[in-house]
Every structure is written in structure tokens, then in C-alpha cells.
Amino acid sequence: MGSTITGRRKAERQKCIVEARVYADGHPALLYRIADLTPEGAKLIAYRPVPVLSGKIMVFIPSISEVWAARIRWCRVQSLGVEFICGEADLAETEKPPLASDTFALRMQMAQIADTAKRQSVA
């Protein structure tokens, strides 16, 4: 899927480029791309400056038709750090975290492949 980044996180971050739309209360859909992620959260990069967001958001990933609930951990002019909320939207709670991590990685690989195919068909 991409290279890994190590740091303070429980799991290694996977670099990726996956299109996403963020829905927050009182705002129209905001266009982002997922830049790196773990099963616990992600860094989202906006295509243009966006309003300061806080609280809970919904992240729609068109390439896999999934909506993930997330809590904003930090917000900058064009980026967000989010923590996924399992058990809400399409992220199910599981009893076996290692399996969930593998399933999560596979879903993100599918999203990245679909996004790449879409970009190549436009070019």
C-alpha cells in the first residue's frame, strides 16, 4: 500500500492517497485525501483551506463506498488528525484486533487501487 511511518502511534502508519469527503455539522462536504493511516486513525489533507473543525465527523470514502465515524484530534488550515470511532457507521467493533488490522489494511488497499484506476482512466 505504501511506506510506513513510525512514531508515537500503537500501529505503524501506512502512507496512501485515497480520496475522501468529510461531513461535519453545519458544513457542506469538504474534499480531502487520506495521506496516512492506522486502524486507529488517519491524517487527512484538504485540497484547499477549510474552516476549523472540531468534534465528531463522518468520513466518506467513495472508492469503497464506506462511511467512517471519526473524532478530530487536531486541526490545521489544510489538514486534520482523526481517531476512528469503531462501532459507528461502517467500522464494526471486533473481538480480534489483529484480524481487524489485516481487514482494515485490505480495505484501504482496495480503496487505493480504485482511486488509482479512476485517475488513470481520466488521464
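Positive contributions from Lys and Arg (+1) and negative ones from Asp and Glu (-1), summed over other residues with Cβ under 9 Å from the Cβ of residue 80, come out at +3. Taking 7 Å steps out from each Cα toward its Cβ at residue 40 and residue 78 produces label points 2.8 nm apart. Modelled spin labels at residue 56 and residue 118, positioned 7 Å past Cα toward Cβ, are 2.6 nm from each other. Put simply, the amide H of residue 13, placed in the peptide plane, has neighbours under 5 Å in 5, leaving out anything fewer than 5 places away on its chain.
Bear in mind these aren't lab numbers, they're just calculated from the coordinates by the rules spelled out. This structure is a prediction, so every number in the text was calculated from the model and none was measured. Methodologically, a virtual Cβ is constructed for each residue, glycine included, from the backbone with ideal geometry; neighbour enumeration extends over all protein chains shown.
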